[in-house]
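Take a look at the structure set out below.
The values are calculated or read from the model by the stated rules, or taken from the named source; none is laboratory data. Because the structure is predicted, anything quoted here is derived from the model rather than measured. Using ideal geometry, Cβ is built from the backbone for each residue, glycine included, and neighbour counts are taken over all protein chains shown. Surface accessibility is based on the protein's heavy atoms, side chains included, excluding ligands, DNA and RNA. Shrake-Rupley method; radii C 1.70, N 1.55, O 1.52, S 1.80 Å.
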Amino acid sequence: MEEEDKIEENTVALLVDSSSGGGESRWVDGSEVDSEPAPEFSVEETGSKDGYGSVRRRLVKRPNRLNSLDVEAMEIAAAQGHHSKDVSIWYTLALAFQTLGVVYGDMGTSPLYVFTDVFSKVDIDNEVDILGALSLVMYTITLLPLAKYVFVVLKANDNGEGGTFALYSLISRYAKVNMLPNRQPADELISSFRLKLPTPELARAIRIKDKLEKKGTLKTMLLLLVLMGTSMVIGDGILTPAISVMSAVSGLQGQVNGIGTSAVVIVSIILLIALFSIQQFGTGKVGFMFAPVLALWFFSLGSIGIYNMVKLDISVVRAFNPAYIYLFFKKNTKDAWSALGGCVLCVTGAEAMFADLGHFSVQSIQIAFSFVVFPCLLLAYMGQAAYLMKHPESSSRIFYDSVPESLFWPVFVIATLAAMIASQAMISATFSCVKQSMALGCFPMVKIIHTSKELMGQIYIPVVNWFLMMMCIIVVSIFQSTTDIANAYGIAEVGVMIVSTTLVTLVMLLIWQSNLLLVLCFPLVFGSVELIYLSAVLSKIAEGGWLPLVFASFFLCVMYIWNYGSVLKYQSEFREKISMDFLLDLGSNLGTVRVPGIGLVYNQLVQGIPSIFGQFLLTLPAIHSTIVFVCIKYVPVPVVPQEERFLFRRVGPKDYHMFRCVARYGYKDVRKEDHHIFEQLLVGSLENFLRKEFQDLSLERNIEFEYNNSDLVSSRDPEVPSSYGADDLRMPLIQDKITEEAGTSAPEQAVSALPSSVMPSDDDPSVEYELSALREAMDSGFTYLLAHGDVRAKKNSFFSQETGYKLLLCIPKEELQISYCKYECTSQEYP
């Protein structure tokens, strides 16, 4: 049974008399207390001293706990329209053209090095070697990018967003698998959050959901799988620039006298330094030329391929017969298995089709690949195979040798530009992965610079950028060969594909609720192929394959340890939160002086009062007249609309003037607001909340007042008809004691004895007073109250006191302590 359907004993909605002995009475008006959200219905026990009977039980309809989302959601005309894209054919074609420069740069540059790597493992003795390798490449491109990504994986998007984190976010909305327990029921009302829940008839989906939510081991395994895929993508951000730029520059060898391996390495390093140095200016300034350059590149690939087939050997079309794959393995056995590591490089960048989905649309990516990228790549590989049929000795630099002599320099320039564009796409993807990891609490906070005012997705992270540059230079300097770098590259690519296959299978089971046979076919077909390729690339560990494993392990440890520490920090803050009773004992002045102004207390709690607030009360000579506990929270959606950003609730009685604000962001959202804009949005949402609260309480009091009138008359005169049915849900009776003391049964006199806060008057000035007080506080200024949490090993722990996050993974939970010993007050800190 859901929480809101439960029945709770002795829960009071608008109760005055706490005891018949004249104990202290207090009005509770929906204020926040340190408990779970109240159920919609409750059973109330009421007693009286007037002899009308003993304790009575009554089913009371409790008002829904008010929050600002009720106001904000009404302003949204089309809940699902935030991510809608223009479906016109011309717009889709324009997007398809743009995808060439962003999505397919990595895959488009693969003809530079695929056959070079394949035939470094297999010697060309006859046409079976060439046709078998060509057939392998053709069917690999057909099976993985075309069949898997274009027709299946692209459909598993999260409101138009793709990638590993998007899949994890999608799963997190259907099953509570997030390690940070800060999910609220109100989050499910966000327009981009609403989803079709698993139907009760499909027991399989419900069982999977229950297992994921109840078993912490499965949650951890799922998180590690996502982090592993992300780590592999970051590893691609190191290897893609290295192999792409070096493969393009290697064309100078044999073409220019005196250019050897050392010269190629030096030129590659210079280009890499230039590539990473211009990142700070943003891709927007040169992005307009990406698509035309890559379009020209694909046109060159297809044209050169057709030229070589027509001029040299058109019979390479026989490679469409998959029997040549069998003959290839039969002839070369172990060497053919080793050559698979080079063959898989033809699908490098396939994950980019899914990861970059948020910038385009499913249809545009499908059109671009099906009608441009796929045929051009096939023609390019077939043209190289035709050239090898006549010149098998050219396998070491097959791409540039197959280019007509008169076109070498134009093609060299275009290839170099294409390689840099492909590198740029992976660098940008790495920045996005790091930002999304930070949003999920899985990466240390680093400085993010937004390089475009129009396109908020264009970001630059200096620390990550220079780290990638240093790693690329080291990789090029150590390996000095595209063949050795390719061995490392293959492991990273296949690793990301396997992670995607696993997550999409889970989506098919949990969300799509597809036929079980179809679900099993997906991992059996594509997963089997990927595992075969993985076994081939893992055999290259000693030849350079260890590099991506080192990178992935490093980033995996960093992200998991940071997530582990973030969860412990949240749990500690939740465990040490201040009781509401403690603040009630202090009174509305909170035991100090209240001065005009708005104090924004930043914390991680979505419910309850953080312990650091107690230290502020003890340390500061005064506290602000209005206190807002601000929690910056990321929800598992790509983007939270601005009008749904803030979620407000009242903390304590009205005269305390304390509120909770949960500022919700999606993992693709950009927190770039100017602090003045943030403050205006926050206060505007708070004013809407106060007005809506007043309207709901007024309506509730009117209903209660009318019921009490009729109930008083009917309780004294059974002949007077009642306008309410016996089974109606009613508010509790509070007039009995008042009527007895007044000595009359007249409803008018009973009503006059009621507290003024219950009177059904539309002229109640309380809301205007509170709004004016809020505006006065706003005019006095905002102060940001920030706390710094330290995670350290306990004194009796084996580890050093200054361990912090560095060795968190190795420290048992019982040996950790989390303290909030530092705090800061500033009126200039941005949110």
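Considering the range 499-529, the residues that are modelled with pLDDT of 90 or more and more than 20 Å from Leu212 (Cα to Cα) include one that is most open to solvent (accessible area, probe 1.4 Å), namely Leu524. With respect to being modelled with pLDDT under 90, under 20 Å from Ala663 (Cα atoms) and surrounded by fewer than 19 Cβ atoms within 10 Å (Cβ to Cβ), Met445 fits the description. Are any of the residues in the range 201-213 open to solvent by less than 10 Å² (accessible area, probe 1.4 Å) and either out of contact with any Cys (no Cβ under 7 Å at 6 or more places or on another chain) or not in a helix (DSSP H, G or I) (or both)? For the range 201-213, residues open to solvent by less than 10 Å² (accessible area, probe 1.4 Å) and either out of contact with any Cys (no Cβ under 7 Å at 6 or more places or on another chain) or not in a helix (DSSP H, G or I) (or both): present. Scanning the range 330-346 for residues that are touching a helix residue (DSSP H, G or I) at 6+ places or on another chain (Cβ under 9 Å), farther than 25 Å from Met107 by Cβ and not acidic (Asp, Glu) yields a total of 3.
For the range 357-366, the tally of residues that are open to solvent by 20 Å² or more (accessible area, probe 1.4 Å) and either of a type in the set (S, T, N, Q) or at pLDDT 95 or above (or both) stands at 2.
Taking the stated definitions as given, is Leu584 free of Cβ contacts under 8 Å to residues at least 40 places away in the same chain and either open to solvent by 30 Å² or more (accessible area, probe 1.4 Å) or part of a helix (DSSP H, G or I) (or both)? First the steps, then the outcome.
Values: free of Cβ contacts under 8 Å to residues at least 40 places away in the same chain: no; either open to solvent by 30 Å² or more (accessible area, probe 1.4 Å) or part of a helix (DSSP H, G or I) (or both): yes.
Spelling it out, it is not the case that Leu584 is free of Cβ contacts under 8 Å to residues at least 40 places away in the same chain and either open to solvent by 30 Å² or more (accessible area, probe 1.4 Å) or part of a helix (DSSP H, G or I) (or both).
Report whether or not Phe555 is within 24 Å of the chain's Cα centre (by Cα), open to solvent by 10 Å² or more (accessible area, probe 1.4 Å), closer than 23 Å to Val264 by Cα and not small (Gly, Ala, Ser). No: the conditions fail for Phe555. Between Gly599, Gly614, the distinction of being part of a strand (DSSP E or B), more than 22 Å from Leu189 (Cβ to Cβ) and either in contact with a Leu (Cβ under 6 Å, 6 or more places away or on another chain) or at pLDDT below 90 (or both) belongs to Gly599 only.
Checked against the criterion of being in contact with a Lys or Arg (Cβ under 6 Å, 6 or more places away or on another chain) and open to solvent by 10 Å² or more (accessible area, probe 1.4 Å), the candidates Val152, Val128 yield just one match: Val128. Applying the condition of being part of a helix (DSSP H, G or I) and in contact with a Lys or Arg (Cβ under 8 Å, 6 or more places away or on another chain) to the range 459-487 and asking which residue is surrounded by the most Cβ atoms within 10 Å (Cβ to Cβ) yields Asn487.
Contact map, the range 532-559: residues that are within 27 Å of Val434 (Cβ to Cβ) and of a type in the set (S, T, N, Q) paired with residues that are part of a helix (DSSP H, G or I) and open to solvent by less than 10 Å² (accessible area, probe 1.4 Å), Cβ distance under 8 Å, separation 6+ or inter-chain. Pairs shown: Ser553/Ser231.
Reported count of residues in the range 145-170, each being within 11 Å of the chain's Cα centre (by Cα) and not in a loop (DSSP other than H, G, I, E, B), is 9.
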